[in-house]
1. Within the range 1-17, can you find the residues that are touching a Ser or Thr at 6+ places or on another chain (Cβ under 8 Å) and open to solvent by 60 Å² or more (accessible area, probe 1.4 Å)?
2. Can you pull out every residue in the range 151-167 that is farther than 14 Å from Asn120 by Cα and either in contact with a Leu (Cβ under 7 Å, 6 or more places away or on another chain) or assigned to a loop (DSSP other than H, G, I, E, B) (or both)?
3. What is the one condition in (1) in a loop (DSSP other than H, G, I, E, B); (2) modelled with pLDDT of 95 or more; (3) within 15 Å of the chain's Cα centre (by Cα) that Glu130 does not satisfy?
4. Given the condition out of contact with any Lys or Arg (no Cβ under 8 Å at 6 or more places or on another chain), on the phi > 0 side of the Ramachandran plot and open to solvent by 40 Å² or more (accessible area, probe 1.4 Å), answer yes or no: does some residue in the range 42-51 qualify?
5. Output yes when any residue across the range 134-146 is in a loop (DSSP other than H, G, I, E, B), closer than 19 Å to Ala56 by Cβ and either at pLDDT below 95 or under 14 Å from the mean Cα position of the chain (by Cα) (or both), and no when none is.
6. Looking only at the range 19-41, which residues are in a strand (DSSP E or B) and exposed (fewer than 15 other Cβ atoms within 10 Å of the Cβ)?
7. Considering every residue within the range 128-136, establish whether at least one is within 18 Å of Ile54 (Cα to Cα) and surrounded by 17 or more Cβ atoms within 10 Å (Cβ to Cβ).
8. Quick one: in the range 112-126, which of the residues that are open to solvent by 10 Å² or more (accessible area, probe 1.4 Å) and in a strand (DSSP E or B) is farthest from Arg166 (Cα to Cα)?
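The values are calculated or read from the model by the stated rules, or taken from the named source; none is laboratory data. Quick caveat, the model's predicted, so the values are computed rather than measured. Every residue, glycine as well, gets a Cβ built from its backbone with ideal geometry; the counts of neighbours run over all protein chains shown. For accessibility, only protein heavy atoms count, side chains too; no ligands or nucleic acids. Shrake-Rupley method; radii C 1.70, N 1.55, O 1.52, S 1.80 Å.
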Amino acid sequence: NNLFVDNLVSGSGNYGVYAQNGASFTWQGGDISGRTHGIYSSGSTAITVQDADIQATNYGIYVHSGLLTATGNTIHGASFGVYQHSYGPYTNSLTLTGNEIHDNDIGVYSRISATSAYGNEVHHNATGIEGYGVWGASDWTLPPNDIHDNTTGLRLWSGGEAQFNRIH
């Protein structure tokens, strides 16, 4: 598992951080800005992103198959704040807790059913959250997603669940 701590990635280009084919990494703190993809992963095993500020033009965090855990981040200024979908034989999951996701076209877009998200503030996006999975905590003892001031707050796909969220 590779570890990145308090790095600054800026300027133009395609990728701030790029991982593929089974690579795993943890990104802690730091800033990523100006890239087409802030963090990009294809076929990686496990990606953890925590306490980062990510501002990208197209994708803040893009995971094309793999396990993504994002906690305590600010993700803004992109077409897609967080984008995850799957292909092939990979195990996929998306876990989002305690993030602020704002000022994107779509805050969070997930094409996988193994999605869990609670305690996030998702605001000022055209669409706050879209996709499959479980959006919200298991009960009110955990912090709800606070989904507000989006054109569309939450768009569920077939089989998706929304529970214990504040949507306003």
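1. Within the range 1-17, Asn1, Asn2, Leu3, Phe4, Ser10, Asn14, Tyr15 qualify.
2. Taking the range 151-167 as the starting set, the residues that turn out to be farther than 14 Å from Asn120 by Cα are 151-152, 155-161.
If the condition is that a residue be farther than 14 Å from Asn120 by Cα and either in contact with a Leu (Cβ under 7 Å, 6 or more places away or on another chain) or assigned to a loop (DSSP other than H, G, I, E, B) (or both), then Thr151, Trp157, Ser158, Gly159, Gly160 are the ones that fit.
3. (1)
4. We begin by selecting, within the range 42-51, every residue out of contact with any Lys or Arg (no Cβ under 8 Å at 6 or more places or on another chain); these are 42-51.
Retained after the next criterion (residues that are on the phi > 0 side of the Ramachandran plot): 43, 51.
Adding the requirement that they be open to solvent by 40 Å² or more (accessible area, probe 1.4 Å) leaves 51.
The answer is yes, given that some residue of the range 42-51 is out of contact with any Lys or Arg (no Cβ under 8 Å at 6 or more places or on another chain), on the phi > 0 side of the Ramachandran plot and open to solvent by 40 Å² or more (accessible area, probe 1.4 Å).
5. Step one: of the range 134-146, the residues in a loop (DSSP other than H, G, I, E, B) are 136-144.
If we keep only those that are closer than 19 Å to Ala56 by Cβ too, we end up with none.
Checked against the condition, which is being in a loop (DSSP other than H, G, I, E, B), closer than 19 Å to Ala56 by Cβ and either at pLDDT below 95 or under 14 Å from the mean Cα position of the chain (by Cα) (or both), the range 134-146 yields no hits at all.
6. First pass over the range 19-41, keeping only residues in a strand (DSSP E or B): 19-20, 25-28, 31-33, 37-41.
Scanning the range 19-41 gives a single hit, Gln20.
7. Going residue by residue through the range 128-136, those that are within 18 Å of Ile54 (Cα to Cα) are 128-129.
Cutting the leftovers down to surrounded by 17 or more Cβ atoms within 10 Å (Cβ to Cβ) gives us 128-129.
Yes - at least one qualifying residue is present in the range 128-136.
8. Among them, the one singled out is Ser116.
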